[in-house]
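Contents: one structure, followed by commentary.
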Amino acid sequence: MKAIENRARGSAAQHQGGALNKGNTESHAEKKSGWQTKKFGEVLEIRNGRNQREVESADGEFPIYGSAGNVMGMATDYICEGGTTIIGRKGNINSPIYADTRFWNVDTAFGLTAKACMNSRFLYFFCLSYDFSAHNRGTTIPSLVKTELLNIPIPVPPLAEQQRIVGLLDEAFEGLATAKANAEKNLQNARALFESHLQSVFTQRGPGWVEKPIGELCERLHQGLNTAGEKVKFYDSGYPIIQTRNIDDGVVELDSKMKFMSEDDWQLYKDKYRPEIGDVFFTNIGTIGKTAIVTTDRDYLIHWNIFKLRPLLGKVTSEFLRYTLEQLTLSGYFEKLQKGGTVDFVTKKMISEALILLPAIAEQKTIVAKLDDLREETQRLARLYEQKLAALGALKKSLLHQAFTGKLQRLLD
């Protein structure tokens, strides 16, 4: 498997997209001795899914698959045999899965069953390499049409060669799956390292630390502008209003989806909702607990789904307050205040009454410096593991591309 990977890496960047188009499929396949280009209709059958209502049962023995490959229940009957590739008819149309047991597919999923001339896993791997979104005929929900799928060209080598290709890909993909699992675990561990240290810092009282509610440490604690309640009109330009999506990893980023208000509305609301340098943001609706510190003087307002906290000078630093809010979110503090155990929104009262352990300003700055260093290191590690995952994905696409253009075998010749 290492030999396959090492030789494939050199061309992985060239095939980042990974999808085979019709021209490439035919031209490369015909050059390989014994290969033919056929249509789906010649090498497979497409079995329509059906409503599962009459066959669904807790005592069923056959899984019921949806278009995304998710098991939606169990059935007393089946439509497709094991060795069938499932693709979405509606919804998730570009994520094929391989089912090795009999199953029932719902009416939003197609079952692709290989004929005698086609190895079932060879068909599956081809589907992984193919861009089915090129055949999308939906307007709001992605959709595929059976008659169009039957005309898709597919390279067909002799069965023995199909089996050899499948063996190579199975071996390579098993190794890639292990590498991906390790990278994902390392990524999770890197993030957990910082979160664990953050929790320990704010749950262990040091000498001279005092317990204070956040409300006593803020000059201001305001929720953003309720644009719907105030009936604010939006325009293509003007003064922007930032929302939850504009806060990412401690940074405020303006984007192309910004909403803008008029000069008149800006003058009316800016005194209360315009942030100042040093203010701490905390998202309170939707994605709870994203934070950022205002570091530049810019003319924008904050939306209703963001709180603006202005620390009292001499009491708490912006950076320490931001880390405190992160720790409260990670500890589940806000979840405990909500019925049902999930956080739908955070109120001003919840934040204001939250008790935190507070050292002197000098110690706050020391703690923040150490947390900043640890966060920088864990983010560096996270980026490395994210790059590793991206490289593994590119390598997988490259191997598929080479398999169906006849190049994979030549790597080993």
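Values in this text are rule-based calculations from the coordinates and carry no lab data. Since the structure is predicted, the reported quantities are computational estimates derived from the model, not experimental observations. No Cβ is skipped: glycine too gets one built from the backbone with ideal geometry, and neighbour counts run over all protein chains shown.
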For segment 29-120, run through the GluC sites (Glu not before Pro) and keep only the ones in DSSP coil with at most 11 other Cβ atoms within 10 Å of their Cβ. E54
Trypsin sites (Lys or Arg not before Pro), restricted to segment 154-254: which are DSSP loop and have at most 14 other Cβ atoms within 10 Å? R205, K231, K233
Based on the Cβ-Cβ distance of K315 and N186, what FRET efficiency does E = 1/(1 + (r/R0)^6) give at R0 = 45 Å, to the nearest 0.05? 0.70
I'd like the FRET efficiency for L330 and L384, computed as 1/(1 + (r/R0)^6) with the beta carbon distance as r and R0 of 25 Å, rounded to 0.05. 0.60
Just list whichever of K90/K308; K115/K396; K180/K348 have alpha carbons separated by over 31 Å in the model shown. K90/K308; K180/K348
Can you list the DSSP H helices in the chain whose Cα atoms extend at least 24 Å along the helix axis and whose mean Kyte-Doolittle hydropathy is 0.0 or higher? none
Using 0.36 nm times the number of residues separating K146 and L355, minus their current alpha carbon distance, what extension gain do you get? 69.2 nm
Between T37 and S262, what FRET efficiency follows from the Cβ-Cβ distance if R0 is 56 Å, with the result rounded to 0.05? 0.40
As a check on your grasp of the helix formula, calculate [θ] at 222 nm for the chain: sum -39500 (n - 2.57) over DSSP H runs of n ≥ 4, divide by the residue count, round to the nearest 500. -13000 deg cm²/dmol
Exposure proxy check: W104, W35 ranked by fewest other beta carbons within 10 Å? W35, W104
How far is it, in nm, from the label point at S133 to the one at A391 when both lie 7 Å from their Cα along the line to the Cβ? 2.5
If you average the C-alpha positions of segment 231-277 and of segment 38-99 separately, how far apart do those two centres end up, in angstrom? 47
For E276 and S57, compute 0.36 nm times the residue count separating them, minus their Cα-Cα distance, and round to one decimal in nm. 72.9 nm
